[in-house]
Amino acid sequence: MNNDTLHIAEKKFSSRFLIGTGKFRNKAILKESILASHAEMVTVALRRIDLERHEENILAYIPNEITLLTNTSGARTAEEAVRIARLAKAAGQGNWIKIEVINDSKYLLPDNEETIKATRILAAEGFVVLPYVSPDLYVAKRLVDAGAAAIMPLGSFIGSNMGLKTRDFIKILVDEIKLPVIVDAGIGAPSHACEAMELGAAAVLVNTAIAIADNPPMLAKAFAQAVEAGRAGYLSGLPAQRPLGEASSPLTGFLFE
Amino acid sequence: MILTLNGQNIDLPDGLSLKDAVSRFTKTPEHVVTEINGKIVAHTAWEKTSLSANDTIELITFVGGG
């Protein structure tokens with residue numbers, strides 16, 4: 001374990017890169033991508049089993065030591081999110097939950113109010129709750145009060161690959177909220193992930209960009225490298241931007257008078 | 001007996017146990033979680049839980065997701 005570990009609840013992670021498991025063309029590519037990225041936490045969802053097709057279970061493709069973060073996708077209310085969380089716990093795969101409560105199918109924006117409600121209920125039941133929300137300072141403060149273990153603010157719309165559109169608002173959360181800030185949604189390129197980490201985010205989650213890339217394992221590795229680079233940039237103390245030029249070479253001893 | 005399974009009407013043998021019902025539809029029952037009439041039924045109770053006509057059953061498992 002390096003000495004820049006990510007602490008969430010009772011766990012420590014060496015990797016600050018989380019990968020989502022949705023939309024991959026096939027499960028073998030998913031497994032390759034997870035391994036290439038060295039991710040230590042992945043998201044999964046819960047759905048009704050397909051009664052006609054006995055599909056191979058996705059858990060067979062996720063290495064055992066990886067922390068499963070079950071999302072509550074499909075939930076439209078706090079109540080539905082709570083139900084999904086309890087089902088995830090009953091499935092015996094841990095009690096780490098990403099609360100995702102979405103009511104709009106156009107932008108897939110999270111319902112912050114219902115997310116706060118679900119966080120409060122589930123945290124009280126002992127779940128480790130990582131809520132997916134808009135990067136709003138008041139929402140974040142309420143989530144801290146409600147017992148969230150981290151905050152997952154969106155970078156841009158889920159699946160949009162538009163990058164860190166909410167940059168300035170994520171910066172506010174990084175500066176004002178004591179919990180780990182895990183940027184999630186819309187991260188479409190390694191540079192976006194690097195940017196998020198340079199701002200001071202604790203971690204980044206990527207799903208769509210990797211799943212639909214031409215070469216998912218290669219991109220997964222690139223994202224992991226970008227997260228490391230961005231984190232090192234942040235820790236090393238990035239210099240401020242300047243509006244004027246300042247010479248890099250000495251201003252004395254010129255060869256020409 | 002007719003009951004509702006994952007939103008579909010389905011005909012299963014009378015008195016079928018939940019355990020036997022689950023194994024008809026999956027090769028990995030250990031990763032399936034079940035509800036009968038809105039209540040989660042723990043794995044340990046599957047064998048001794050018999051299904052009844054008009055029960056609403058949910059068989060749920062993990063899938064890829066972001």
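The values are calculated or read from the model by the stated rules, or taken from the named source; none is laboratory data. Since this is a predicted model, take the numbers as computed values, not measurements. Cβ coordinates were reconstructed from backbone atoms using ideal geometry, including for glycine residues, and neighbour counts include every protein chain displayed. When the accessible area is computed, the model is the full protein with side chains, heavy atoms only, and any ligands, DNA or RNA have been set aside. Shrake-Rupley method; radii C 1.70, N 1.55, O 1.52, S 1.80 Å.
Under a plain spin-label model, where a point goes 7 Å from the Cα along Cα-to-Cβ, how far apart in nm are A:R48 and A:S191? Taking the two extended label points, one gets 4.5 nm.
When chains A and B come together, the accessible area they lose, probed at 1.4 Å and totalled over both chains, is close to 2500 Å².
What's the Cα-based Rg to Rh of chain A, Rh via Kirkwood?
1.04
Give the separation of the Cα centroids, the stretch A:94-144 to the stretch A:150-214, in Å. Answer, in whole Å: 16. Per residue, chain A exposes 50 Å² of accessible surface when a 1.4 Å probe is rolled over the protein heavy atoms with every protein chain present. For chain B, the alpha-carbon coordinates run over 38, 24, 22 Å along the three principal axes, in decreasing order. What residues of the stretch A:11-42 lie in the reach of a label at A:A232, counting those whose backbone N is under 18 Å from a point 7 Å from the Cα along Cα→Cβ? Counting only backbone N, you get A:14-17, A:37-39. Among the listed pairs A:K27/B:K27; A:K11/A:K165; A:K27/B:K19; A:K141/A:K178; A:K98/A:K178, a Cα-Cα separation exceeding 20 Å is found for A:K11/A:K165; A:K27/B:K19.
As an exercise, identify the trypsin sites (Lys or Arg not before Pro) in the stretch A:58-112 lying in DSSP coil whose Cβ has no more than 15 other Cβ atoms within 10 Å.
A:R76, A:K106
Label positions at A:F254 and A:E56, each projected 7 Å from the Cα along the C-beta direction, are separated by 6.9 nm. Answer rounded, prolate or oblate for the stretch A:1-144, using the Cα gyration tensor with square roots of eigenvalues a ≥ b ≥ c: rounded when a/c is under 1.5, else prolate when a/b is larger than b/c, else oblate. Since a/c reaches 1.5 but b/c is at least a/b, the shape of the stretch A:1-144 is classed as oblate.
Here the protein assembly as shown is treated with +1 on each Lys and Arg Cβ and -1 on each Asp and Glu Cβ, and its dipole about the Cα centre works out to around 140 debye.
Out of the chymotrypsin sites (Phe, Trp or Tyr not before Pro) in the stretch A:153-257, which ones are loop residues according to DSSP with at most 14 other C-beta atoms within 10 Å? Loop-located and lightly packed - A:F254, A:F256.
What is the sum of charges, Lys and Arg at +1 and Asp and Glu at -1, for the other residues whose Cβ falls under 14 Å from the Cβ of A:S105? My count for the surroundings of A:S105 gives -1.
How many percent of DSSP beta bridges within the stretch A:64-164 run antiparallel, rounded to 5?
Numbers: 1 of 9 bridges.
In the stretch A:64-164, approximately 10 percent of DSSP beta bridges are antiparallel ones.
Residues with beta-carbon under 13 Å from that of A:Q225, excluding A:Q225: net charge, scoring Lys, Arg +1 and Asp, Glu -1? Cβ neighbours under 13 Å give a net charge of +2.
The fraction of all Cα pairs in the stretch A:209-257 landing in successive 10 Å bins from 0 to the largest distance is 19, 22, 23, 19, 11, 5, given as whole percents.
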